[in-house]
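Notes follow the structure.
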Ligand code: SF4
């Protein structure tokens, strides 16, 4: 294939100074930005390595210690993930630990409504007696927890096992529902198991990289550096309604209409079939459902003309893209929240998987249908949180799986529920119905991050007891709590994370938690004793002891890690990707499906497809603009609970809420650059600073998710298969204030 798109950067639009290009400079020359400079008077006397606690890239950081306390850090050279690089968040990882608003003692709400300090004994007694009273009055189904992808697998497993097997809860979910549930649902149905197939080497070994709904430059800057190391002169196609920093760096940007992605990928699949750009041997041997897919595409409205009309992408561009995917030797397809956070995200993800399967682009270097994970341990949560999956990627509904888990954990079989949990949105609805009355929120900030905040905030009054366990007493959710349990953060405890490419890495305690704050692991131990189920967790004596239980639970599963001996082995190998079975050979970079065998019983993958659905809230004359949300800068992380604590990171990101508006739309609405504007949806309104930029198309506006007000606007609709919220497209209106 010789076609190349125009790679010259277009004339720069007025970008925010802190965005893309600056991120690249920060990654390449961090010391010039005040990152990673050792304090001159404090010389370290030792170092230890620890995987970063922000995103799922899983960079390893070398933490410099003095008297066993961290004094600074640098990026670890030679680690197969980051190769000596780190982004601003990684460099500033130690700063959030020093914040003044750390929760340093347990808090309970007194009769006057104030949160006041109390002892661990009193806080835990109130927590346990409150939850037990609710359970006695309304049953254990009236209790639930919300966890996170931000704590180690050992703690996630402890929370899940304690919640379900110890305390008898049925319902628990985590904030990974907000980021990765769609990829999980898509992989399970298509491959037979939740299995991202790639290794980061694939960024460097592709001839064609397709990024869908992913602003990798900003969201995963170190992964983007891996793309930049690609020596094959790859075509880089970015499919995104916005002209993001990644789109600017691409060889081609396809600025499709918001949420027309499923139609686009069905159109491309049809072009592949019509043009014969298929790997027929691969399809015959390794995939089910080709004839059904073919009829669906050829009989449906997916011809180039209609796809062009619907997506806004020119027909000749569709043909060029199909040609690149169809004839490229090593094609990789990558997606993140632009796909996952959609009302039909599961089918969109599967339409990308279909493209990889049609062309045999899987199981080989530089290929794959690859979901890029968000949080540092979202993958650990997927396998070990014991929420909608039974521990180790098992199913609550499967009696053989329940028996296996009971045997390994030495717990009574009847303690394992035979039904799965409500998903996050269903927990919210159950609170609204008055069915769930006690909620335990661990290391997540629901009162900022959950969709349609006004509805969520009303739910607080429906709860009889809200317990929040967090590093900070100041989060929006902690401020609503009846009880706050102070938790240690990353850097103050041990455990393992699993990154986006399935690599297990260790985190290490390099700092003492302040005041009476405890590692979540120790809080779970205490809760188990106060609840009266401590005996069940006698073997759960340390994170590494739990890791040994977890690896036994994976035996025979696609994620089998029984050949990993201990934490030392993980560290000695620079992290270890799952699986690592007793029989498997070891290599630092491994991808799945090299033998063409998938995880369904017949060993084959499946083509999954379904007609696109209507946008839940299209624009209309009253709300004429589509609101897109996403990451603002590489210096901000989600609800900014931690990144706002670093003076350096604060300097690298805008402090006040802003909205990006196309200049032509601004003219229509009489909005001047830098002025204050009101943005409103059917659910709420806010005031933000207008930032005029050609990076958003006409008819669209963009707001970063890091500001609490943004979710006052978003629409609470979810994908029916993954139950992941659709943050990306709702209708808004905008006026000058
Ligand atoms: Fe940490 Fe992610 Fe930045 Fe790496 S890219 S340093 S894992 S936040």
Legend entry - Extreme residue, farthest from the ligand (Cβ to nearest atom), among residues of segment 57-72 that are without any contact (Cβ under 8 Å) to a residue 40 or more places away in the chain and closer than 21 Å to residue 634 by Cα: 72
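Can you spot a residue in segment 85-94 that is over 30 Å from residue 214 (Cα atoms), within 15 Å of the ligand (Cβ to nearest atom), surrounded by 14 or more Cβ atoms within 10 Å (Cβ to Cβ) and at pLDDT below 95?
Initial filter on segment 85-94 (over 30 Å from residue 214 (Cα atoms)): none.
No, because not a single residue in segment 85-94 is over 30 Å from residue 214 (Cα atoms), within 15 Å of the ligand (Cβ to nearest atom), surrounded by 14 or more Cβ atoms within 10 Å (Cβ to Cβ) and at pLDDT below 95.
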Inset, instruction - State whether one or more residues within segment 675-694 are within 16 Å of the ligand (Cβ to nearest atom) and modelled with pLDDT under 95. - result: no
Inset, instruction - Could you grab the pairs with beta carbons closer than 8 Å, sequence gap of 6+ or different chains, first residue in segment 563-576 and in contact (Cβ under 8 Å) with a residue 24 or more places away in the chain and not assigned by TED's automatic domain parsing to the domain that holds residue 82, second one part of a helix (DSSP H, G or I) and surrounded by 17 or more Cβ atoms within 10 Å (Cβ to Cβ)? - result: 564/551; 564/570; 567/547; 576/570
Inset, instruction - Answer yes or no as to whether residue 361 is surrounded by 24 or more Cβ atoms within 10 Å (Cβ to Cβ) and either free of Cβ contacts under 8 Å to residues at least 12 places away in the same chain or assigned to a loop (DSSP other than H, G, I, E, B) (or both). - result: yes
Inset, instruction - For residue 620, indicate whether it is in contact with a strand residue (DSSP E or B) (Cβ under 8 Å, 6 or more places away or on another chain) and either part of a loop (DSSP other than H, G, I, E, B) or over 30 Å from residue 350 (Cβ atoms) (or both). - result: yes
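Condition check: assigned by TED's automatic domain parsing to the domain that holds residue 304 and within 16 Å of the ligand (Cβ to nearest atom). Does residue 336 satisfy that? Show your work before the answer.
Details: assigned by TED's automatic domain parsing to the domain that holds residue 304: yes; within 16 Å of the ligand (Cβ to nearest atom): yes.
Yes; evaluated as a whole, the condition is true for this residue.
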Legend entry - Some residue of segment 32-47 being surrounded by 14 or more Cβ atoms within 10 Å (Cβ to Cβ), away from the ligand (no atom under 15 Å from the Cβ), modelled with pLDDT of 95 or more and within 22 Å of residue 495 (Cβ to Cβ): no
Legend entry - Subset of segment 110-125 (residues that are touching a strand residue (DSSP E or B) at 6+ places or on another chain (Cβ under 6 Å) and touching a residue at least 40 places away in the same chain (Cβ under 8 Å)): 115, 123
Inset, instruction - Hey, can you tell me all the residues within segment 54-69 that are buried (at least 18 other Cβ atoms within 10 Å of the Cβ) and assigned to a strand (DSSP E or B)? - result: 55, 60, 61, 62, 63, 64, 65
Inset, instruction - Just one of (1) away from the ligand (no atom under 16 Å from the Cβ); (2) touching a strand residue (DSSP E or B) at 6+ places or on another chain (Cβ under 8 Å) trips up residue 499, so point out which. - result: (1)
Inset, instruction - Give the residue that is farthest from the chain's Cα centre (by Cα), with candidates limited to residues of segment 209-235 that are within 11 Å of the ligand (Cβ to nearest atom) and more than 25 Å from residue 348 (Cβ to Cβ). - result: 225
Inset, instruction - Go through the residues of segment 484-493 one by one and say whether even a single one is surrounded by fewer than 17 Cβ atoms within 10 Å (Cβ to Cβ), in contact with a helix residue (DSSP H, G or I) (Cβ under 7 Å, 6 or more places away or on another chain) and farther than 30 Å from residue 64 by Cα. - result: no
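Only one of 323, 369, 349 is surrounded by 24 or more Cβ atoms within 10 Å (Cβ to Cβ) and part of a helix (DSSP H, G or I); which? Break it down into steps so the answer makes sense when it comes.
Values: 323 fails: surrounded by 24 or more Cβ atoms within 10 Å (Cβ to Cβ); 369 fails: part of a helix (DSSP H, G or I).
Only one candidate passes the filter, namely 349.
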Inset, instruction - With respect to residue 648, determine if the residue is at pLDDT 95 or above, surrounded by fewer than 22 Cβ atoms within 10 Å (Cβ to Cβ) and assigned to a helix (DSSP H, G or I). - result: no
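Would you confirm whether any residue within segment 503-521 is part of a helix (DSSP H, G or I), crowded, with 19+ Cβ neighbours inside 10 Å and touching a residue at least 12 places away in the same chain (Cβ under 8 Å)? Can you show your working first?
Of segment 503-521, the ones part of a helix (DSSP H, G or I) are 520-521.
Filter once more, keeping what is crowded, with 19+ Cβ neighbours inside 10 Å: 520-521.
Filter once more, so that each one left must be touching a residue at least 12 places away in the same chain (Cβ under 8 Å): 520-521.
Yes.
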Inset, instruction - Would you point out the residue of segment 651-664, among those that are more than 14 Å from the ligand (Cβ to nearest atom) and crowded, with 23+ Cβ neighbours inside 10 Å, that is farthest from residue 444 (Cα to Cα)? - result: 661
Inset, instruction - Hey, can you tell me all the residues within segment 393-431 that are surrounded by fewer than 20 Cβ atoms within 10 Å (Cβ to Cβ) and either more than 22 Å from residue 721 (Cα to Cα) or not assigned by TED's automatic domain parsing to the domain that holds residue 167 (or both)? - result: 399, 400, 403, 406, 407, 408, 410, 411, 412, 413, 414, 415
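Table: residues versus (1) outside any helix (DSSP H, G or I); (2) away from the ligand (no atom under 16 Å from the Cβ); (3) in contact (Cβ under 8 Å) with a residue 60 or more places away in the chain; (4) touching a helix residue (DSSP H, G or I) at 6+ places or on another chain (Cβ under 9 Å).
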{"position": "97", "(1), (2), (3), (4)": "no, no, yes, yes"}
{"position": "108", "(1), (2), (3), (4)": "yes, yes, yes, yes"}
{"position": "127", "(1), (2), (3), (4)": "no, yes, yes, yes"}
{"position": "131", "(1), (2), (3), (4)": "no, yes, yes, yes"}
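Yes/no matrix, rows are residues, columns are (1) touching a residue at least 40 places away in the same chain (Cβ under 8 Å); (2) farther than 26 Å from residue 641 by Cα:
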| site | (1), (2) |
| --- | --- |
| 666 | no, yes |
| 685 | no, no |
| 696 | yes, yes |
| 711 | yes, no |
| 717 | yes, no |
Inset, instruction - Could you tell me whether residue 634 is assigned to a loop (DSSP other than H, G, I, E, B), under 29 Å from residue 204 (Cα atoms) and within 16 Å of the ligand (Cβ to nearest atom)? - result: yes
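The values are calculated or read from the model by the stated rules, or taken from the named source; none is laboratory data. From a predicted model like this one, the values you see are computed outputs, not experimental measurements. Every residue, glycine among them, receives a Cβ derived from its backbone with ideal geometry; neighbour counts consider all protein chains shown.
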